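Inspection log for the structure reproduced underneath, given as structure tokens.
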Amino acid sequence: MELTNLKKRIIPIILINNYQVVTSRNFSDYRVFGNLEQTIEIFNRRDVDEIIVLDIACSKNDTLLDFDILKMMSRNTLMPFSYGGGIKTLYDIEKCLNLGCDKVSLNNVVTKNKKFLYEAVKEFGSQAIVVSLDYVVENNKPFLYDHVTSKKFDINFDDFIKFVYDQKCGEILLSSVNSDGYLKGYDFFVLNEYRKKFNCPIIVNGGCGSPIDMLNAFENGTDACGAGSIFYYTKYGYKDIKDFLKEKKIKIR
């Protein structure tokens, strides 16, 4: 199926730290926004199509997955959801899916062990696997970013994104560290470069501050727009954004 025939998606991305929803700038300066259960309830009422929940506490502290969070989400979340943060084993993925996740998001575990992505796709299918790639741009060159150490990986970005594509993961979540939290629009540097090369669904993330930013992203070829702060700190609601995009003739789910 050609990706251009698929409807575009708007995906709230919820960062959590010890059950608290947080926002960030440049993947740092974390600020507590609210409670996870209350935030999910708000998105339930707004008929959000899907969400991505990323547990930064598990990632940064190298702790075991908190399956109680997933149990709570499975009970309370009406929309499909993806979950990431601290996944290290195939058992972790199996447990997440059994507890109600529609997809899992893999990040550092893939950069540190390429074989793991192959095994995950083989075991659970492409549709269940999202690969999350955080990146910084320096001197017009992208670098993979380690959100745990706040340093660049010593990995060639071009080679790695090609590897991810070749493993046939379900989609790629591209998160710009430079744009994160500033509400000034998405970074299209990486999207424009790799959209031409790889026919894989891409979620662009980091910097969205208005419906126009999402319009620009879709016109630049993204398949889905991930966003966080726009839903917490601006006047734009989920329906407002959808209505605007439909007026602009964007085919939205």
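The values are calculated or read from the model by the stated rules, or taken from the named source; none is laboratory data. Since the model is a prediction, treat every value here as computed from it, not as a measurement. Here Cβ is always computed from backbone atoms with ideal geometry, including for glycine, and neighbour counts include all displayed protein chains. Calculation scope for accessible area: heavy atoms of the full protein, side chains included, ligands and nucleic acids excluded. Shrake-Rupley method; radii C 1.70, N 1.55, O 1.52, S 1.80 Å.
Observations on the structure shown:
- For Y118, the accessible area of its heavy atoms, probed at 1.4 Å with every protein chain present, is near 120 square angstrom.
- Note on the stretch 96-152: with charges restricted to the Cβ of Lys and Arg (+1) and Asp and Glu (-1), its dipole about the Cα centre is near 220 debye.
- With viscosity 0.692 mPa s and temperature 37 °C, the Kirkwood radius over alpha carbon pairs of the stretch 196-251 converts through Stokes-Einstein to a diffusion coefficient of 279 µm²/s.
- Members of K7/K246; K8/K248; K8/K235 lying beyond 18 Å, as alpha-carbon distances in this model show: K8/K235
- Remark: the chain carries 47 Å² of accessible area per residue (probe radius 1.4 Å; ligands, DNA and RNA excluded).
- For the residues K115, K95, K249, a 1.4 Å probe over the protein chains yields an accessible-area ranking, largest first, of K249, K115, K95.
- The chain, helix-only ellipticity at 222 nm - DSSP H runs n ≥ 4, -39,500 (n - 2.57), divided by all residues, nearest 500: -10000 deg cm²/dmol
- Exceeding the 31 Å Cα-Cα cut-off - candidates K151/K196; K71/K249; K151/K251: K71/K249; K151/K251
- Overall shape: rounded for the stretch 1-97, with the ratio a/c of the largest to smallest alpha carbon gyration tensor axis below 1.5.
- Accessible surface of the chain, 1.4 Å probe, proportion on carbon and sulfur as whole %: 47
- Measuring between their Cα centroids, the stretch 21-70 and the stretch 196-229 lie 20 Å from each other.
- Axial C-alpha extent at least 20 Å, average Kyte-Doolittle at least 0.5 - helices from the chain (DSSP): none
- Gaussian network model of the chain, springs between alpha carbon atoms under 10 Å - residue of R195, R25, R46 with greatest fluctuation: R46
- Hull-based mean projected area of the stretch 110-253, where the convex hull spans the alpha carbons, in square nanometres: 9.1
- Here the chain is treated as a Stokes sphere of Kirkwood radius computed over C-alpha pairs; at 20 °C and 1.002 mPa s its diffusion coefficient rounds to 118 µm²/s.
- Each DSSP beta bridge with both residues in the chain is either parallel or antiparallel, and the antiparallel ones are about 30%.
- Computed from the Kirkwood radius of its Cα pairs, the Stokes-Einstein diffusion coefficient for the stretch 130-205 at 20 °C and 1.002 mPa s stands at 169 µm²/s.
- Look at the dipole of the chain built from charges on Cβ: of I42, N61, Y91, the Cα furthest out on the positive end belongs to I42.
- Unpaired by the 4.7 Å Cβ criterion, cysteines found in the chain: C58, C169, C200, C208, C225
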